[in-house]
Amino acid sequence: MRFYQGIHRFYCGIDLHGRTMHVCIVDQAGEVVADRNSAANPEAFLKLIGPFRDGIVVGAECMFAWYWLADCCAEEGIAFVLGHALYMRLIHSAKAKNDRIDAGKIARLLRGGNFPPAYAYPEGMRETRDLLRRRMYLVHERTALVTHVQIVNTQYNLSPLGKNLGEAQQLPRGKIAKRFAHASVQRNVATDLELIEHLDRLLDELERYLVQTAKVDDAVTYARLQTVPGIGKVLGLVLLYEMHAHARFATVGQFLSYARLVRCAHESAGKKVGTGGKKIGNPYLKWAFAEAVCHFVRANERAKKWKQRYAQQHGKGKALGVLAARLARAVYHMLRKGEAFDEARFWHNAAGSGKKAALAGRDVGA
């Protein structure tokens, strides 16, 4: 865990909501100089902090409505720190809790150097990242619809449908609903199929737009990511926009921790008492590397043999987890050096203990 250590004349804590916010400003001595509720908009915010703007830092907890506040501070040249919601236990665990108390605690956490920062993704690529996440939601919805059609098909004991709802005889989707005798079942299946067709068109358009946008935002990095075996068009998009800038990770251990590919050890009195932080980090990066390593093993004979050999001692899940962490380590270093993926170097570096490679980032917090 890291803390914001900046020194300023004034520390502004904001308990932010969708339409309102409570603002508390304290000086270096800890005296409250402003404490009031306000509408959540740039005009009201700038007017409220106006008398204290010289040398102020603004802190707010990470919640769904922080975008406009971060963008406003960036445009006005005001220091802004986004608080990590899962680390701010002082607010969540308080006996008494309201907007005024929360804002005051945020300001005092900033002043005392105990404010745990999260990454405030800047304007520009952030909007495309959110669209990419929305695409993933639509893919899950499409998968649920396909699954429902297959379940209905099984309920009536009809011949199996393929993953793409096509039989060996290449049955058109338009005729799938007619397989069922009852009109209500036909309408049920036809509704799912119509939604699937619409989502197919929508997802195709989204992917074309996202690829074109990625080539504008950072074509070099996007192309470099796709040199990694197992990383294609979609996974390259996820890695590009979820990482944003590899330079924000000082070490490879920090990147592996952020991607949820290593576990942080908990120790007390010199003894290990377990691990933690499974939900701290970026779940989209973890998913992307998990998918990439599956494709990597499927298409690479050397990776397949390594996984089989390692799985004999540690299990299949552990083998894939170690290989995913190793692949993420390679991605970090290739982006840092500005090079394409080198498979020979990857396997040369992987010659050591898999356990050491997987645990190298354990001592680094998210």
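Within the stretch 80-89, can one find any residue that is over 24 Å from the mean Cα position of the chain (by Cα) and at pLDDT 95 or above? Give the derivation first.
Step one: filter the stretch 80-89 for residues over 24 Å from the mean Cα position of the chain (by Cα), giving none.
Among the residues of the stretch 80-89, not one is over 24 Å from the mean Cα position of the chain (by Cα) and at pLDDT 95 or above, which makes the answer no.
Which of the residues spanning the stretch 42-76 are closer than 18 Å to Ile25 by Cα and among the small types (Gly, Ala, Ser)?
Within the stretch 42-76, Ala44, Gly50, Gly55, Gly59, Ala60, Ala70 qualify.
Under 6 Å between Cβ atoms, which residue pairs at least 6 apart in sequence (or on different chains) link something in the stretch 175-199 that is under 16 Å from Leu158 (Cα atoms) and of a type in the set (S, T, N, Q) with a partner that is at pLDDT below 95 and part of a loop (DSSP other than H, G, I, E, B)?
Filtered contacts from the stretch 175-199: Gln186/Phe180.
Any idea which residue in the stretch 46-60 is surrounded by the most Cβ atoms within 10 Å (Cβ to Cβ), counting only those that are more than 17 Å from Phe3 (Cα to Cα) and in contact with a helix residue (DSSP H, G or I) (Cβ under 9 Å, 6 or more places away or on another chain)? Walk me through it before giving the result.
So in the stretch 46-60, the residues more than 17 Å from Phe3 (Cα to Cα) come out as 46-56.
So of that shortlist, the ones also in contact with a helix residue (DSSP H, G or I) (Cβ under 9 Å, 6 or more places away or on another chain) come out as 46, 53, 56.
Numbers: Leu46: 14, Arg53: 15, Ile56: 18.
Top of the filtered list is Ile56.
Going through the stretch 61-90 one residue at a time, which ones are part of a strand (DSSP E or B) and either surrounded by fewer than 14 Cβ atoms within 10 Å (Cβ to Cβ) or touching a helix residue (DSSP H, G or I) at 6+ places or on another chain (Cβ under 6 Å) (or both)? Show your work before the answer.
Step one: of the stretch 61-90, the residues part of a strand (DSSP E or B) are 61, 79-83.
If the condition is that a residue be part of a strand (DSSP E or B) and either surrounded by fewer than 14 Cβ atoms within 10 Å (Cβ to Cβ) or touching a helix residue (DSSP H, G or I) at 6+ places or on another chain (Cβ under 6 Å) (or both), then Phe80 is the only one that fits.
Among the residues of the stretch 115-126, is there at least one that is part of a helix (DSSP H, G or I) and at pLDDT 95 or above?
Within the stretch 115-126, the first condition is being part of a helix (DSSP H, G or I), and the residues that meet it are 126.
Filter once more, so that each one left must be at pLDDT 95 or above: 126.
Yes, because at least one residue in the stretch 115-126 is part of a helix (DSSP H, G or I) and at pLDDT 95 or above.
Note down all Cβ pairs under 8 Å where the first residue falls in the stretch 262-285 and is within 16 Å of Tyr87 (Cα to Cα), the second is acidic (Asp, Glu) and surrounded by 16 or more Cβ atoms within 10 Å (Cβ to Cβ), and they're at least six residues apart or on different chains.
Asn282/Glu242
What number of residues within the stretch 241-296 satisfy the criterion of being in a loop (DSSP other than H, G, I, E, B), among the small types (Gly, Ala, Ser) and crowded, with 17+ Cβ neighbours inside 10 Å?
Looking only at the stretch 241-296, we keep the residues that are in a loop (DSSP other than H, G, I, E, B), and these are 244-245, 249-251, 259-263, 269-270, 277-282.
Still in the running and among the small types (Gly, Ala, Ser): 245, 250, 259, 269-270, 277, 281.
Checking the rest, the ones that are also crowded, with 17+ Cβ neighbours inside 10 Å come to 259, 277, 281.
Result for the stretch 241-296: 3.
Does any residue of the stretch 115-129 turn out to be touching a residue at least 60 places away in the same chain (Cβ under 8 Å), surrounded by 15 or more Cβ atoms within 10 Å (Cβ to Cβ), out of contact with any helix residue (DSSP H, G or I) (no Cβ under 6 Å at 6 or more places or on another chain) and of a type in the set (Val, Ile, Thr)?
Checked the stretch 115-129: no residue is touching a residue at least 60 places away in the same chain (Cβ under 8 Å), surrounded by 15 or more Cβ atoms within 10 Å (Cβ to Cβ), out of contact with any helix residue (DSSP H, G or I) (no Cβ under 6 Å at 6 or more places or on another chain) and of a type in the set (Val, Ile, Thr).
Among the candidates Glu141, Glu197, Glu207, single out the residue that is exposed (fewer than 15 other Cβ atoms within 10 Å of the Cβ) and modelled with pLDDT of 95 or more.
Answer to the selection: Glu141.
The values are calculated or read from the model by the stated rules, or taken from the named source; none is laboratory data. These numbers were taken from a predicted model, which means no experiment stands behind them. Positions of Cβ are backbone-derived with ideal geometry, glycine not excepted, and every protein chain shown enters the neighbour counts.
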